[in-house]
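Have a look at the structure below, then the notes.
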Amino acid sequence: MSRGRARPAPDSRSAAALLLLLLLLAVSVGGRGSTAAAAAEVEEEEEAAVDYGAALSKSLLYFEAQRSGRLPHNQRVPWRGHSGLTDGLQQGVDLVGGYYDAGDHVKFGLPMAFTVTMLSWGAIEFGDDVAAAGEWGHALEAIKWGTDYFVKAHTEPFVYWAEVGDGDTDHYCWQRPEDMTTSRQAYRIDKDNPGSDLAGETAAALAAASIVFRRSNPHYSHLLLHHAQQLFEFGDRYQGTYDSSIAEVRSYYASVSGYRDELLWAALWLHRATGRAEYLRYAADRADDFGGVGWAMTEFSWDVKYAGVQVLAAKLLLEGDPQALPHRAVLEQYKAKAEHYLCACLGLNGGNGSDNVERSPGGMLYVRQWNNLQYVSSAAFLLTAYSRYLSAGSASPGLLRCPRGAAAPDELLALARSQADYILGRNPLRLSYMVGYGRRYPVRVHHRGASIVAHKANSRFIGCMQGFDDWFGRGRANPNVLGGAIVGGPNCRDEFRDDRGNYMQTEACTYNTAPMVGVFARLHRLATAAEGCRRGTADEAECR
């Protein structure tokens, strides 16, 4: 198997190199200080090229590459075709659609729902920014492709189809999704086989999405909210983890954190979607028993929702929600835990090293070896959102108070920006970890569809093992660019090996990219405003 390195794009720095050469010649008699200044000027010019608008556009494009089902006429990823058109047929239900979570072809319900929750949260908080970038329509399409599938999969009040396909058999094959011959067995949760974590996360996704569609499509918004409420009731009434009911998921997306965080998460999203006090009361009454005010977290992910729960609860206090008053004491506890997470990202917690999130030498937040950038993107989102809450909150002094000092909203946003910039190439390798963005990015992404010639270009069937023999082991770049995908990323020493077999680092997942949609939108809006201020074309109020 080839162990190729990241491809340096031809002439990728030719302009910068030429400028540096001219500056060196110009100051050849001026001493070392002048040379250092020239080099710094070139570096500054290079770093100024971060384009958050392009990153936002590519992020939303990526979700079109991950679509399962019958693709629409406005599909923008030309190397993808229809796939999974018989999903659910064996069980007598229509499960066509949804998203493949990563580089394989299983439709895993839990990470898919988290992906849609984060897309929706980004659209709620930063919708104006997404719209200003001209991407609102694409954001709605990305969310709706998931929510349409969730509605289909919720066939009865207490039945939800959790997964289509089997990870073990799927991983034995390397095929395009248009050719797949692997099992499309579907698995469900029900009263006898509960899955409160999956039901709760899907309820959260549908509730959040109902807010997004409230103005543009009120009928659809109502439908989503109806399913969200039923799923929450299902998860709460029949409690248990979905991986205890479905053995096939344990090796891939086991619910290590249990289901209580998802029930709290769903309750707070339903409160935000409906304004009904009963959902907030649920989150307050169960805060202690369900770990909402007990767990001090240093990660936020498709599995562990506590930090997200705590940030949502803190928002109610920061913005002075009247319904928060009867629960102020417990919401303050939630807020303290939210602050612990944010302070951990900033490195401002006291105590031992485990109280703070580690950093790589290049400044990347580091949680664990496998697909670390999922934790970076989710942290960047919570930092960006909380920065906004602190700035707008009527009940807040506007500071995040940590054991080792206070942080202003701008400092939270600065950390989020630094992580976004790291992903986009401001890192020791000068390598963008978003595929298709920048001068250099991973070209051997661990992704079946991207790594094999497009079905439209060559419709000849590619068999299960043929894909391994002819395409997986090739040392060359993938024939299709998986634009907008954020790969797993480097290790704790900022090291990265661009090898298709190195799936720990080169596989991309939908939940890596989803949180960054809102972050990129916000950073793009701020960068555009700052440029307008410099040019004197922005509104005076924006420049204060």
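The values are calculated or read from the model by the stated rules, or taken from the named source; none is laboratory data. Because the structure is predicted, anything quoted here is derived from the model rather than measured. Please note: Cβ atoms are built from the backbone with ideal geometry, for glycine as well, and neighbour counts cover all protein chains shown. Just so you know, the surface numbers come from the protein's heavy atoms only, side chains and all, with ligands and any DNA or RNA stripped out. Shrake-Rupley method; radii C 1.70, N 1.55, O 1.52, S 1.80 Å.
Listed values, structure above:
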{"item": "Condition met for residue 161 (open to solvent by 10 Å² or more (accessible area, probe 1.4 Å) and in contact with a strand residue (DSSP E or B) (Cβ under 6 Å, 6 or more places away or on another chain))", "result": "yes"}
{"item": "Enumeration of residues in region 285-307 that are of a type outside the set (D, E, K, R), surrounded by 22 or more Cβ atoms within 10 Å (Cβ to Cβ) and closer than 13 Å to residue 263 by Cβ", "result": "287, 290, 292, 306"}
{"item": "The listed residue being at pLDDT below 95 and farther than 17 Å from residue 290 by Cβ, out of 320, 347", "result": "320"}
{"item": "Test set (1) over 21 Å from residue 103 (Cβ atoms); (2) open to solvent by 10 Å² or more (accessible area, probe 1.4 Å); (3) outside any helix (DSSP H, G or I) - residue 230 fails condition number", "result": "(3)"}
{"item": "From 206, 198, residue being hydrophobic (A, V, I, L, M, F, W, C) and within 21 Å of residue 166 (Cβ to Cβ)", "result": "198"}
{"item": "Identity of the residue in region 280-308, within 14 Å of the chain's Cα centre (by Cα) and charged (D, E, K, R), that ends up nearest to residue 345 (Cα to Cα)", "result": "299"}
{"item": "Test for residue 70: is it over 16 Å from the mean Cα position of the chain (by Cα), open to solvent by 30 Å² or more (accessible area, probe 1.4 Å) and modelled with pLDDT of 95 or more", "result": "yes"}
{"item": "Residues (over 24 Å from residue 166 (Cβ atoms) and among the hydrophobic types (A, V, I, L, M, F, W, C)) located in region 235-268", "result": "263, 264, 265, 266, 267, 268"}
{"item": "Selection within region 419-475 - aromatic (Phe, Trp, Tyr) and touching a strand residue (DSSP E or B) at 6+ places or on another chain (Cβ under 7 Å)", "result": "433, 441"}
{"item": "Pick from region 331-357, criterion open to solvent by less than 50 Å² (accessible area, probe 1.4 Å) and not in a helix (DSSP H, G or I), ranking: nearest to residue 372 (Cα to Cα)", "result": "357"}
{"item": "Residue in region 358-377 that is touching a residue at least 60 places away in the same chain (Cβ under 8 Å), within 18 Å of residue 124 (Cβ to Cβ), crowded, with 23+ Cβ neighbours inside 10 Å and in contact with a helix residue (DSSP H, G or I) (Cβ under 9 Å, 6 or more places away or on another chain) present", "result": "yes"}
{"item": "Options 274, 241: the member that is within 21 Å of residue 127 (Cα to Cα), touching a residue at least 12 places away in the same chain (Cβ under 8 Å) and surrounded by fewer than 24 Cβ atoms within 10 Å (Cβ to Cβ)", "result": "274"}
{"item": "Matching residues, region 310-330, being more than 18 Å from residue 390 (Cβ to Cβ) and buried (at least 19 other Cβ atoms within 10 Å of the Cβ)", "result": "327, 330"}
{"item": "Residues (of a type in the set (Asp, Glu) and either within 17 Å of residue 199 (Cα to Cα) or out of contact with any helix residue (DSSP H, G or I) (no Cβ under 6 Å at 6 or more places or on another chain) (or both)) located in region 269-321", "result": "278, 285, 288, 289, 303, 319, 321"}
{"item": "Residue 293 within 30 Å of residue 101 (Cβ to Cβ) and touching a residue at least 24 places away in the same chain (Cβ under 8 Å)", "result": "no"}
{"item": "Among residues of region 415-431, those that are farther than 22 Å from residue 357 by Cα and either under 19 Å from the mean Cα position of the chain (by Cα) or open to solvent by less than 20 Å² (accessible area, probe 1.4 Å) (or both), counted", "result": "1"}
{"item": "So residue 148, is it closer than 23 Å to residue 249 by Cβ and surrounded by fewer than 18 Cβ atoms within 10 Å (Cβ to Cβ)", "result": "yes"}
{"item": "Any hit, region 79-89, residues being within 18 Å of residue 253 (Cβ to Cβ) and either hydrophobic (A, V, I, L, M, F, W, C) or open to solvent by 50 Å² or more (accessible area, probe 1.4 Å) (or both)", "result": "no"}
{"item": "Of residues in region 348-381 being small (Gly, Ala, Ser) and over 13 Å from residue 418 (Cα atoms), the one nearest to the chain's Cα centre (by Cα)", "result": "378"}
{"item": "Test for residue 255: is it in contact with a helix residue (DSSP H, G or I) (Cβ under 6 Å, 6 or more places away or on another chain), touching a residue at least 24 places away in the same chain (Cβ under 8 Å), open to solvent by less than 50 Å² (accessible area, probe 1.4 Å) and in a loop (DSSP other than H, G, I, E, B)", "result": "yes"}
{"item": "Top-ranked residue of region 94-142 - restricted to ones that are of a type in the set (A, V, I, L, M) and closer than 25 Å to residue 171 by Cα, ranked as surrounded by the most Cβ atoms within 10 Å (Cβ to Cβ)", "result": "116"}
